[in-house]
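J.: My structure is below; once you've seen it, I'll send some questions.
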Amino acid sequence: MKKAQQEAYKRDYAQAKAEGKPFFPYAIYKDHIVAILCFAWIIGMAIWHRVEIGRPIYEATTDFVPRPEWYFFFLFELLKIFKGENFLTPVIMATFIVPNVLMALLVLTPFIDRTPERRLEKRPFAMAVAMIIFTSLAWLTYKGATSEAASGALTFEPQDDNTELAAKVIAANGCQSCHVIGAGGGNLGPNLNTIGNQKRGVQWHIDHLKAPSSKVPGSPMPPFASLSEPDLKALATVLDGLGTTYQVK
Amino acid sequence: MTTKDIGPKNPVAQVGDGVVDYVENRTGAKTGISWFLFRNVPKETSWFQTLGFAAMAVFGLQAVTGIVLAMYYKPSSDTAYQSIQHITHEVTFGWLVRGMHKWGATAMIVLVFLHMGRVFLFGSYKYPRELTWVTGSILLILTMFMGLTGYLLVWDEKAYWATVVAMNITASAPILGPYVADIMRAGPDMGPDTLSRFYSIHMLVIPGGILTFVGLHLFLVAKLGISEPPWSKRSYKARYDQEAAERAAARERVPAGRREVTADPAPQTVNAGGDQ
């Protein structure tokens, strides 16, 4: 904005202020009415929807798909779009680029749009960008809210020490929020029911679990390097045999 | 006989005035508060311009309910779940306070986003209020982190696994990601230390940040003034007058601004786009 335009705004605002009225009580009474309505809504919701508590944390849970609070649904849904299946959808878009670009855009808005014009009808570009961002966030949040929480208890056939441990590890790390294993699971990553048919070997699976992108370039899967060696080995053994040696019951 | 205004006041009022004068002399608080409360704001402010105050008020409510919850909550992986159950089922009105804190979080997120939308649509982030917007957007991000860290404290299944996934996502970010995740989790895995770390971030770090930025934000709002809706009748009239003066100046081939405009011939009869 040019110096003259800044001066013009200041003059105009001084005029508006001079013709205005004191903040107390003329503006602050509106503030209080809206704040009291918000308080009433909060208390009403607290009474209407009694807050509950979920089940305690149980490491061997096998039928739980983690979901964030509703205001993070859009990030969660982004993960389903950017699965890393090809070069157009690298997972880093969902985990890093999109959220950070949004935050940067947010903070930098006044430095990007520096024109003095404030009327909506004279800011078509700003309106278009705002509408696109708002619609996408609303749509992603809606998608996240309506996506089904899948899954049932996992048991493998035949059962042995490996499958027992693997079922725990799968539950503990929320594998089914992205992968179909058995009847249920997310559609973010590949279906694992027949993954053993690819005959990649136990060591391949261990390396892949530790650093997915080293085996599948651009893989969307977060690394699970923090798993213990026995956990990794059991999980890799079951994965390598899924569909051949092992079946999900 | 003395007249009422200059005669001795009743002793209580005298003491009161004395205290006010004492504080005013040493801090300027009276001047400051009068400046804040009685500063003029544009006449035509919109109801949409109340959302920021509402967000701040809900933050205040969150602080109060949060303090009450903290009196009963035990931030350890062995006791957190039981203490939440205790609050929900045994403490008098515990369910209400916890419910208000939970729904208050939702309300605060909604209000912060609506407030941002209002500021954007009104173009209020433009000169001279750019830095007010920056402090506001930091507040929005801090509010989201408040939600993220508060979610874990319930220490039930949903909270735990959602945070495991959130931390995995953090860890997958390039370069700094793994380190940030380790710092947040207090180690490579979620554990008892993660809970107390989130508790401390949720109770001390982010509220401190929010208070600081709310202070800055409010100061800037008060100093720069509440912006006027761009479609206010006053601004339409001012714009109309300006254009009329420019046209008149052009007619007389005098540079705009040099010609003295005494009275505008017909601003009242023309509908200048407002609903006057």
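J.: In the list A:104, A:145, which residue meets the criterion of being among the aliphatic types (A, V, I, L, M), closer than 22 Å to residue B:167 by Cα, touching a residue at least 40 places away in the same chain (Cβ under 8 Å) and within 14 Å of another protein chain (Cβ to nearest Cβ)? Walk me through how you get there before you give the answer.
T.: Numbers: A:104 fails: touching a residue at least 40 places away in the same chain (Cβ under 8 Å).
None of the other options fit; the residue is A:145.
J.: I'd like the residue in the stretch A:66-98 that is more than 14 Å from residue A:222 (Cβ to Cβ) and facing chain B (nearest Cβ under 8 Å) and, out of all such residues, is modelled with the lowest pLDDT.
T.: Looking at the filtered set, the residue picked out is A:67.
J.: Quick test for you: out of B:147, B:225, pick the one residue that is under 17 Å from the mean Cα position of the chain (by Cα), over 30 Å from residue B:87 (Cβ atoms), at pLDDT 85 or above and at the interface with chain A (Cβ under 8 Å from one of its Cβ atoms).
T.: It is B:225.
J.: Looking at this structure, is residue B:9 surrounded by fewer than 21 Cβ atoms within 10 Å (Cβ to Cβ), in contact with a helix residue (DSSP H, G or I) (Cβ under 9 Å, 6 or more places away or on another chain), in the same structural domain as residue B:206 (by TED's automatic domain parsing) and among the basic types (Lys, Arg)?
T.: So residue B:9 fails the test.
J.: For the stretch B:25-45, state whether one or more residues are within 30 Å of residue A:55 (Cβ to Cβ), in contact with a helix residue (DSSP H, G or I) (Cβ under 8 Å, 6 or more places away or on another chain), touching a residue at least 24 places away in the same chain (Cβ under 8 Å) and aliphatic (A, V, I, L, M). Before the answer, list the steps.
T.: Quick first cut of the stretch B:25-45, residues within 30 Å of residue A:55 (Cβ to Cβ) only: none.
Checked the stretch B:25-45: no residue is within 30 Å of residue A:55 (Cβ to Cβ), in contact with a helix residue (DSSP H, G or I) (Cβ under 8 Å, 6 or more places away or on another chain), touching a residue at least 24 places away in the same chain (Cβ under 8 Å) and aliphatic (A, V, I, L, M).
J.: Hey, among B:181, B:166, which residue is more than 18 Å from residue B:98 (Cα to Cα), within 31 Å of the chain's Cα centre (by Cα) and open to solvent by 20 Å² or more (accessible area, probe 1.4 Å)?
T.: B:166
J.: Exactly one condition in (1) in contact with an Asp or Glu (Cβ under 7 Å, 6 or more places away or on another chain); (2) open to solvent by 30 Å² or more (accessible area, probe 1.4 Å) is not met by residue B:120; state its number.
T.: (1)
J.: Related question: It is to be established whether one or more residues within the stretch A:158-177 are in a loop (DSSP other than H, G, I, E, B), at pLDDT 75 or above and surrounded by 21 or more Cβ atoms within 10 Å (Cβ to Cβ).
T.: No - not one qualifying residue is present in the stretch A:158-177.
J.: Within the group B:65, B:106, which residue is within 10 Å of chain A (Cβ to nearest Cβ), open to solvent by less than 30 Å² (accessible area, probe 1.4 Å) and touching a residue at least 12 places away in the same chain (Cβ under 8 Å)?
T.: B:65
J.: Let me ask something additional. Output the residue which, of all residues in the stretch A:77-116 that are under 13 Å from the mean Cα position of the chain (by Cα) and part of a loop (DSSP other than H, G, I, E, B), is farthest from residue B:131 (Cα to Cα).
T.: A:83
J.: How about the stretch B:46-62: which of its residues are of a type outside the set (A, V, I, L, M, F, W, C) and without any contact (Cβ under 8 Å) to a residue 24 or more places away in the chain? Steps first, please.
T.: First, pick out the residues of the stretch B:46-62 that are of a type outside the set (A, V, I, L, M, F, W, C): B:46, B:49-50, B:52, B:60, B:62.
Selection gives B:50, B:60.
J.: Looking only at the stretch B:121-144, count every residue that is within 7 Å of another protein chain (Cβ to nearest Cβ) and polar (S, T, N, Q) and tell me the total.
T.: Of the residues in the stretch B:121-144, 1 are within 7 Å of another protein chain (Cβ to nearest Cβ) and polar (S, T, N, Q).
The values are calculated or read from the model by the stated rules, or taken from the named source; none is laboratory data. Quantities reported herein were computed from a predicted structural model and do not represent experimental measurements. Counting neighbours? That spans all protein chains shown, and the Cβs are built from the backbone with ideal geometry, glycine included. Heavy atoms of the whole protein, side chains included, go into the accessibility calculation; ligands, DNA and RNA do not. Shrake-Rupley method; radii C 1.70, N 1.55, O 1.52, S 1.80 Å.
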